[in-house]
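Take a look at the structure set out below.
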Amino acid sequence: MKPLLLRFTRSLASKISLPKTTVLLIHNGQPRTLYYAREFLSKQLIEHEKLPSLLAEMTVDKYLKMSKNIVKCMEEYTEDLEISNYLDTLSKNIENKLTQNAPFGKPYKINYSFTFPVSDKDYSIKNSLMNMISKDGTQRLIVLPLHPTCSSNTNEYLKNKIDKFMMEHTELIDEENTNFKVVKNYPVSFDYSFINEWFNESFIVNYWSKRLKEICNNPEEVPDMIIFTTSCNNTSDDKNNFIKNYKNICGDIIKNVDYPSPWRSTFYYPWDFLVSLKIIKESNLTTVIKEHQKKGKNSIVIVPIFDFIPTFNTTTILPQLASQSNVRLLEATNSVEFLSTNFSDIIERELVN
């Protein structure tokens, strides 16, 4: 029965030859103006915190009046920080690398979507998927969230949105043996997979190990304290699992650097974090910096371990937190080339599974 089903679904897919493989990159997004910041933050509270629409809008309005961070983020916004420009380049690079390194899946089409509105253009997940099944067609769909996540709930939220769309617009054939979906009312079928958390990928350890070795081998730059940090945007019960993995990754980096520097893993509040969540004092980036300054640490390096994609966090929030005496923020450099190489490797592995 399975071969017959596969022949049937593949014959449907062959009616639309381009592209053979579609990759959908998903990012939370980054609003261009205060108007869209209000809409972005309101929808985030509605979706993630299950607040009623009116209460969410009231909460955001109050926050925007009090928060200097949001205003500063908007003031420092430039076209260089336009997230769609960055993802246009990243998508094209990934497409080129996959075409060269994994020709068996070509032609490729790399799209991206934002979880929440960032401008008047529709970058929604639903719109991207509708275009795929009604206009572009595909034989293989791979979804890759562009952020490592502090909890399975974050990616589960995205996966559930896509699964809901699939239930409404496709039918799954032979669930036990294949993952082929046939689109209702369109001559399209495709295989679908979702790439989960990538924070355990070795390229993160390798990248920061190399950067820190360069500093530690330079007598003029060598630090006497290394502080890893990542955004604290998780209120779920399974955050302890992420914290454990996060600390293990930091430990692996230090082992590779092979330099006797003390280190800590910390968290900071990202630009879009509205829900009142108290970071454990011992893990708060600001608290840890002050603590070690009092202990006489004269050279502190901050490593934003998962912040590779330029956002308000990397351009405004983190530099502001690091703007203290004897503190240096080690920013990720050339991230488009770096991420396109490693994300294409992740996607290629998914293609052969």
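So Asn217 fits all but one of (1) over 21 Å from the mean Cα position of the chain (by Cα); (2) modelled with pLDDT under 85; (3) in the same structural domain as Leu274 (by the TED database); what number is the exception?
(2)
Is it true that some residue in region 289-305 is under 29 Å from Val118 (Cα atoms), at pLDDT below 90 and among the hydrophobic types (A, V, I, L, M, F, W, C)?
no
Look at region 100-135 and say how many of its residues are more than 23 Å from the chain's Cα centre (by Cα) and either of a type in the set (A, V, I, L, M) or more than 15 Å from Thr170 (Cβ to Cβ) (or both).
Within region 100-135, residues that are more than 23 Å from the chain's Cα centre (by Cα) and either of a type in the set (A, V, I, L, M) or more than 15 Å from Thr170 (Cβ to Cβ) (or both) number 10.
Taking the stated definitions as given, is Lys72 assigned to a helix (DSSP H, G or I), outside the structural domain of Pro270 (by the TED database) and surrounded by 13 or more Cβ atoms within 10 Å (Cβ to Cβ)?
In short, yes.
Which ones in region 293-312 are more than 18 Å from Ile83 (Cα to Cα) and surrounded by 19 or more Cβ atoms within 10 Å (Cβ to Cβ)?
Listed by number, the residues that qualify are Ile300, Val301, Ile302, Val303, Pro304, Ile305.
Within region 313-346, take every residue that is in contact with an Asp or Glu (Cβ under 8 Å, 6 or more places away or on another chain) and in a helix (DSSP H, G or I) and give me the one that is surrounded by the fewest Cβ atoms within 10 Å (Cβ to Cβ).
Ile346
Does region 281-297 contain at least one residue that is without any contact (Cβ under 8 Å) to a residue 24 or more places away in the chain, charged (D, E, K, R), more than 24 Å from Gln44 (Cβ to Cβ) and not in a helix (DSSP H, G or I)?
Scanning region 281-297 turns up at least one residue that is without any contact (Cβ under 8 Å) to a residue 24 or more places away in the chain, charged (D, E, K, R), more than 24 Å from Gln44 (Cβ to Cβ) and not in a helix (DSSP H, G or I).
Does Leu90 meet the test of being modelled with pLDDT under 95 and either closer than 17 Å to Leu339 by Cα or surrounded by fewer than 22 Cβ atoms within 10 Å (Cβ to Cβ) (or both)?
no
Can you pull out the strands (runs of 3 or more DSSP E) entirely within region 109-213 that have at least 1 residues that are of a type in the set (Phe, Trp, Tyr) and modelled with pLDDT under 85?
180-183
Quick check: is even one residue across region 49-68 in contact (Cβ under 8 Å) with a residue 60 or more places away in the chain, in the same structural domain as Ile142 (by the TED database), under 25 Å from Leu144 (Cα atoms) and in a helix (DSSP H, G or I)?
The answer is yes, given that some residue of region 49-68 is in contact (Cβ under 8 Å) with a residue 60 or more places away in the chain, in the same structural domain as Ile142 (by the TED database), under 25 Å from Leu144 (Cα atoms) and in a helix (DSSP H, G or I).
Check region 252-266 and report whether any residue there is among the hydroxyl-bearing types (Ser, Thr, Tyr) and assigned to a strand (DSSP E or B).
So far as region 252-266 goes, yes, one or more of its residues are among the hydroxyl-bearing types (Ser, Thr, Tyr) and assigned to a strand (DSSP E or B).
The values are calculated or read from the model by the stated rules, or taken from the named source; none is laboratory data. A quick note: this is a predicted structure, and the numbers were derived from the prediction, not measured. Because the Cβ atoms are built from the backbone with ideal geometry, glycine has one as well, and the counts that use them run over all protein chains shown.
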